[in-house]
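These notes are about the structure you will find just below.
Values quoted throughout were computed directly from the atomic coordinates according to the rules given, and no laboratory measurement underlies them. Note that the coordinates shown come from a computational prediction; the quantities given were computed from them, not determined experimentally. Here the Cβ is made from the backbone with ideal geometry for all residues, glycine too, and neighbour counts use every protein chain on show.
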Amino acid sequence: MELLAHPATSATEREDALAEVRQLVIDLRDAAQDGRLLARRYAEVLQNVVDEYCVEFEKRADAALARLEATA
């Protein structure tokens with residue numbers, strides 16, 4: 001930001017610096033959005049895996065319980 005405040009800086013240099021800062025903000029915003037989307041995708045995949053295992057273990061537990069009840 002020193003470049004923007006320095007009196008000897010030309011208008012073109014200030015405009016270039018402002019354009020660079022604007023582009024940086026746009027790039028950071030895009031990267032944050034990409035990161036959020038990726039995190040949501042991984043969270044969905046993880047949730048699906050957990051759900052799948054829970055359903056499978058529940059079936060196995062139900063089957064084991066049924067066998068125990070049948071022998072009782």
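Over the chain, what portion of Cα pair distances is larger than 21 Å, expressed as a whole percent? Across the chain, Cα pairs with separations above 21 Å total 63 percent. For segment 2-71, a simple Cβ point-charge model (Lys and Arg +1, Asp and Glu -1, everything else neutral) yields a dipole of about 240 debye relative to the Cα centre.
Considering only 43, 23, 65, the residue lying farthest towards the positive end of the dipole of segment 2-71 is 65, judged by Cα position with unit charges set on Cβ. Each other residue within a Cβ distance under 13 Å of residue 28 adds +1 if Lys or Arg and -1 if Asp or Glu, for a net charge of -1. Axis angle, to the nearest 10 degrees, between helix 11-71 and the longest C-alpha principal axis of the chain: 0 degrees.
The slack in the chain from residue 38 to residue 22, taken as 0.36 nm per residue of separation less the alpha-carbon distance, amounts to 3.3 nm.
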